[in-house]
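Participant: Structure incoming, see below.
The values are calculated or read from the model by the stated rules, or taken from the named source; none is laboratory data. The model shown is predicted, which means the values in this text are computed figures rather than measured ones. Using ideal geometry, Cβ is built from the backbone for each residue, glycine included, and neighbour counts are taken over all protein chains shown.
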Amino acid sequence: MSKTLYLGRTTRILRENSKLFTTDYEPLIPTLCDSVWVNRWQSDNKTLYTIFSLKPEGFHNMLFEIPSLKTRLIDLWKHEAVETKVLNGKTYAVSNIDGFDIRNLALNNEGNVSCIASFNPTLQVQIKVIG
């Protein structure tokens with residue numbers, strides 16, 4: 001991914017969620033995989049999970065526990081829905097992080113990122129009749 005595209009994506013996510021990034025923050029939540037780190041940013045109506053992976057092959061599996069099956073998960077990095085799976089009675093987000101060139105390990109370009117938003121899927125809509 002080009003540096004311009006990377007900067008554009010991260011800037012968009014930061015701008016669209018700036019209030020959330022100044023609220024309750026929990027670094028390095030438990031995950032089911034080594035070398036993939038997840039931070040949680042929470043508010044009353046939305047939670048963001050920022051993800052950093054040092055897996056050159058990428059990661060496509062259950063990664064971290066989420067509080068409820070009723071939660072809607074969206075990958076803000078790829079603009080797609082995030083699958084969930086249940087294991088031993090707990091619900092997990094299935095992360096889909098692309099790999100990177102293994103030659104970049106131990107350099108500035110190592111790793112890959114993602115950002116998953118979790119929110120209540122119910123929309124509150126009100127119709128106003130004008131006139």
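Participant: Report whether or not Thr91 is touching a Ser or Thr at 6+ places or on another chain (Cβ under 9 Å) and in contact (Cβ under 8 Å) with a residue 40 or more places away in the chain. Write out each step before concluding.
Facilitator: On the way: touching a Ser or Thr at 6+ places or on another chain (Cβ under 9 Å): yes; in contact (Cβ under 8 Å) with a residue 40 or more places away in the chain: no.
So Thr91 does not fit the description; no.
Participant: Which residues, taken from the stretch 62-80, are on the phi < 0 side of the Ramachandran plot, exposed (fewer than 13 other Cβ atoms within 10 Å of the Cβ) and within 12 Å of the chain's Cα centre (by Cα)? Can you show your working first?
Facilitator: Our first condition is that a residue be on the phi < 0 side of the Ramachandran plot; within the stretch 62-80, this holds for 62-78, 80.
Still in the list and also exposed (fewer than 13 other Cβ atoms within 10 Å of the Cβ): 67-70, 80.
Selection gives Glu80 alone.
Participant: Here's something else I'd like to know. Out of the residues in the stretch 39-76 meeting the condition of being in contact with a helix residue (DSSP H, G or I) (Cβ under 9 Å, 6 or more places away or on another chain) and not polar (S, T, N, Q), tell me which one is nearest to Phe21 (Cα to Cα). So that I can check it myself, show each step before the final result.
Facilitator: Of the residues in the stretch 39-76, the ones in contact with a helix residue (DSSP H, G or I) (Cβ under 9 Å, 6 or more places away or on another chain) are 41-43, 46-48, 50, 56-57, 76.
Okay, now just the ones that are also not polar (S, T, N, Q), so 41, 46, 48, 56-57, 76.
Values: Trp41: 6, Lys46: 11, Leu48: 9, Pro56: 28, Glu57: 29, Leu76: 15 Å.
Selected residue: Trp41.
Participant: Take the stretch 10-49 and flag every residue that is among the hydroxyl-bearing types (Ser, Thr, Tyr) and more than 24 Å from Arg103 (Cα to Cα). Reasoning before the result, please.
Facilitator: Applying the first criterion (among the hydroxyl-bearing types (Ser, Thr, Tyr)) to the stretch 10-49 yields 10-11, 18, 22-23, 25, 31, 35, 43, 47, 49.
Answer for the stretch 10-49, where residues must be among the hydroxyl-bearing types (Ser, Thr, Tyr) and more than 24 Å from Arg103 (Cα to Cα): Thr11, Ser18, Thr22, Thr23, Tyr25, Thr31, Ser43, Thr47, Tyr49.
Each row is one residue, and each column tells you yes or no for (1) in contact with a Lys or Arg (Cβ under 9 Å, 6 or more places away or on another chain); (2) part of a strand (DSSP E or B); (3) touching a residue at least 60 places away in the same chain (Cβ under 8 Å).
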| position | (1), (2), (3) |
| --- | --- |
| Thr47 | yes, yes, yes |
| Leu63 | no, yes, no |
| Ile74 | no, yes, no |
| Lys78 | no, no, no |
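Participant: Can you pull out every residue in the stretch 41-57 that is closer than 26 Å to Asn108 by Cβ and surrounded by fewer than 14 Cβ atoms within 10 Å (Cβ to Cβ)? Break it down stepwise before answering.
Facilitator: Pass one, the stretch 41-57, residues closer than 26 Å to Asn108 by Cβ: 41, 48-57.
Result: Glu57, single match.
Participant: Also, I was wondering about something else. Of the residues Thr31, Thr4, Thr22, which is of a type in the set (Ser, Thr, Tyr) and surrounded by 11 or more Cβ atoms within 10 Å (Cβ to Cβ)? Lay out the reasoning, then the answer.
Facilitator: Numbers: Thr4 fails: surrounded by 11 or more Cβ atoms within 10 Å (Cβ to Cβ); Thr22 fails: surrounded by 11 or more Cβ atoms within 10 Å (Cβ to Cβ).
Every option except Thr31 fails the conditions.
Participant: Is at least one residue of the stretch 81-89 within 21 Å of Ser2 (Cβ to Cβ), among the charged types (D, E, K, R) and more than 11 Å from the chain's Cα centre (by Cα)? Spell out how you get there, then give the answer.
Facilitator: Just the residues of the stretch 81-89 that are within 21 Å of Ser2 (Cβ to Cβ), to begin with: none.
No, because not a single residue in the stretch 81-89 is within 21 Å of Ser2 (Cβ to Cβ), among the charged types (D, E, K, R) and more than 11 Å from the chain's Cα centre (by Cα).
Participant: Provide a single number: the residues in the stretch 63-80 that are hydrophobic (A, V, I, L, M, F, W, C), at pLDDT 95 or above and over 28 Å from Leu5 (Cβ atoms).
Facilitator: Within the stretch 63-80, residues that are hydrophobic (A, V, I, L, M, F, W, C), at pLDDT 95 or above and over 28 Å from Leu5 (Cβ atoms) number 0.
Participant: If you don't mind, there's one more thing I want to ask. Yes or no: Ala106 closer than 23 Å to Arg9 by Cα and of a type in the set (A, V, I, L, M)?
Facilitator: On the way: closer than 23 Å to Arg9 by Cα: no; of a type in the set (A, V, I, L, M): yes.
No.
Participant: Let me ask something else. State whether one or more residues within the stretch 38-52 are under 13 Å from Ser118 (Cα atoms), of a type in the set (Asp, Glu) and modelled with pLDDT of 95 or more.
Facilitator: The answer is no; no qualifying residue exists.
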